[in-house]
Amino acid sequence: MNSPTSVWLNCKAATMQAGSVQPYGLIEDAALVVNGSVLQWVGPRRDLSADLLANNTQTIDAKGALITPGLIDCHTHLVYGGNRAGEFEQRLNGASYEDIAKAGGGIASTVKATRNATELELASQSTHRLLSLLAEGVTTIEIKSGYGLALEHERKMLRVARSLGAAHPVSVQTTFLGAHAVPPEFADRSDDYVDAVLDMLALLHIEGLVDAVDAFCERIGFSLAQTERIFAAAKLQGLPIKLHAEQLSDSGGAQLAARYHAISCDHLEWLSDDGVQAMALAGTTAVLLPGAFYFLRETRLPPVAKLRSAGVAMAISSDCNPGSSPCTSLLLMLNMACTLFRLTPEESLAGVTRNAARALGLNDRGVLAPGLRADFVLWDVKSPAELSYAFGSCPRTQTVFNGAVL
Ligand code: NIG
Ligand code: FE
């Protein structure tokens, strides 16, 4: 039996296809044909062939909506226990993010709360955050581990991430971030902890819980040499590599990641010219995180103009996490990428669609094109720039996930 086909009419489509002559790959009077879970055809309505229409079982009136690809939040730490509002207060009383981390707070305090939470508790806290993102049209989300820092707790986080994907209309990509911080039981023995990270990675990968590997290469995280050990192991296991790089200082992590053909380097406020070139050569995507920049009141901007002129693809993400970006709005990140980082609205939208897919190594989504997943969002706006322009509101009217209308 043929899978059900539907055709969406009376809409504009921001296809976000690369190299399109029209900004946003915009098609003014568009038609989209969905066959099962796949987008079978997209183009100007006048080009919709009669036989495509004849086979159709259903015509859907999009009521003048703008249709974009489903949004992709490509860097989150969505699963965690507790919160860090107390540290927010401490920072407002003069302490810095690094001071707090060095004094045993920061990531370590979320580790404590995450270890103390059951799988059920973690899932329920994380579901609230996930639902906010889904309400804004997110159809794919990456979720990192990294607040467990011991086998059973990293496993628990990744299992919760997978369970969220099974329970909700969203595709979840998991990233193992065992090298997020050195846990207290390994204090002053960070190399021994890296050994433990490698053991955890091997086991969790066998259990099918790991889609990619990440590390925090930073003076309050892991050294270049330690990061390289993790990359080497990931490479051996055929896992894609990502990196928290040059967030608080220029440690050369981006160049190292590029040597390992990382799919993305994330944060990048302190990225050097060499780092930009290395990423350009390796085709590594830059993931910019305006929420963390804003919330930590950073003043050093990521080198957007240099990334742009070197042709490095730029993605945008929420970095949803309790310490540096307690944010569950990807639309707000579009606005902040424009206002704080000076991306254009078109670059911002590409940052949560086409380039976010790249940052996850996924080539079956992120643009509206035949043969790709039927993940798309209907918006009550006249032009795609409105998605970056307004903040604090959500003009989404409908989401289609894997061909299913939600
Ligand atoms: O992406 N930089 C490291 N990791 C997170 C923050 C983690 C935390 O403070 O809990 C980030 O900013
Ligand atoms: Fe992060």
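The values are calculated or read from the model by the stated rules, or taken from the named source; none is laboratory data. It should be emphasised that the depicted structure is a prediction, and the values quoted were computed from it without experimental measurement. Here the Cβ is made from the backbone with ideal geometry for all residues, glycine too, and neighbour counts use every protein chain on show. Just so you know, the surface numbers come from the protein's heavy atoms only, side chains and all, with ligands and any DNA or RNA stripped out. Shrake-Rupley method; radii C 1.70, N 1.55, O 1.52, S 1.80 Å.
Miscellaneous remarks
- Note on the stretch 71-359: dipole from Cβ charges, positive end direction compared against 330, 82, 302; the farthest Cα belongs to 330.
- Overall, the stretch 71-359 carries a charge dipole of about 420 debye about its Cα centre when +1 sits on the Cβ of Lys and Arg and -1 on the Cβ of Asp and Glu, all other atoms neutral.
- Links that overshoot a 25 Å alpha carbon limit, given the list 144/235; 102/306; 12/144; 242/382; 102/144: 102/306; 12/144; 242/382
- Accessible area expressed per residue, the stretch 136-269, with surrounding protein chains retained (probe 1.4 Å, Å²): 32
- Nitroxide proxy distance, nm - points 7 Å out along Cα→Cβ at residue 299 and residue 95: 2.3
- Residue 120 sits with roughly 140 Å² accessible to a 1.4 Å probe, with DNA, RNA and ligands left out of the calculation.
- Accessible area per residue (1.4 Å probe, heavy atoms of protein chains only) ranks 244, 168 as 168, 244, with the largest value leading.
- Inter-centroid distance (Cα atoms) of the stretch 227-280 relative to the stretch 308-370, Å: 18
- Backbone N within the stretch 187-203 under 17 Å of label point (7 Å from residue 119 Cα along the Cβ vector): 203
- Charge tally in the Cβ shell below 9 Å around residue 379, where Lys, Arg are +1 and Asp, Glu are -1, residue 379 excluded: -1
- With helices as the sole contributors, the chain gives -10500 deg cm²/dmol at 222 nm; each DSSP H run of n ≥ 4 counts as -39500 (n - 2.57), and the sum is divided by every residue.
- For the stretch 183-201 versus the stretch 102-138, the gap between their alpha-carbon centres in whole angstrom: 22
- Where labels lie 7 Å past Cα in the beta-carbon direction, separation of residue 235 and residue 152 in nm: 3.5
- Across the chain, the longest run free of exposed loop sites, meaning trypsin sites (Lys or Arg not before Pro) lying outside DSSP classes H, G, I, E and B with no more than 15 other Cβ atoms within 10 Å, spans 1-188.
- Extension reserve of the residue 406-residue 51 stretch, reckoned as 0.36 nm per residue once the Cα distance is removed: 125.1 nm
- Accessible area in the full protein assembly, largest first, 1.4 Å probe, for 118, 285: 118, 285
- Separation of the stretch 372-399 from the stretch 32-70 is 18 Å, based on Cα centroids.
- Computed with every protein chain present, the accessible area of residue 11 is close to 10 Å² [probe 1.4 Å].
- The convex hull around the C-alpha trace of the chain, projected and averaged over every direction, spans 19.3 square nanometres.
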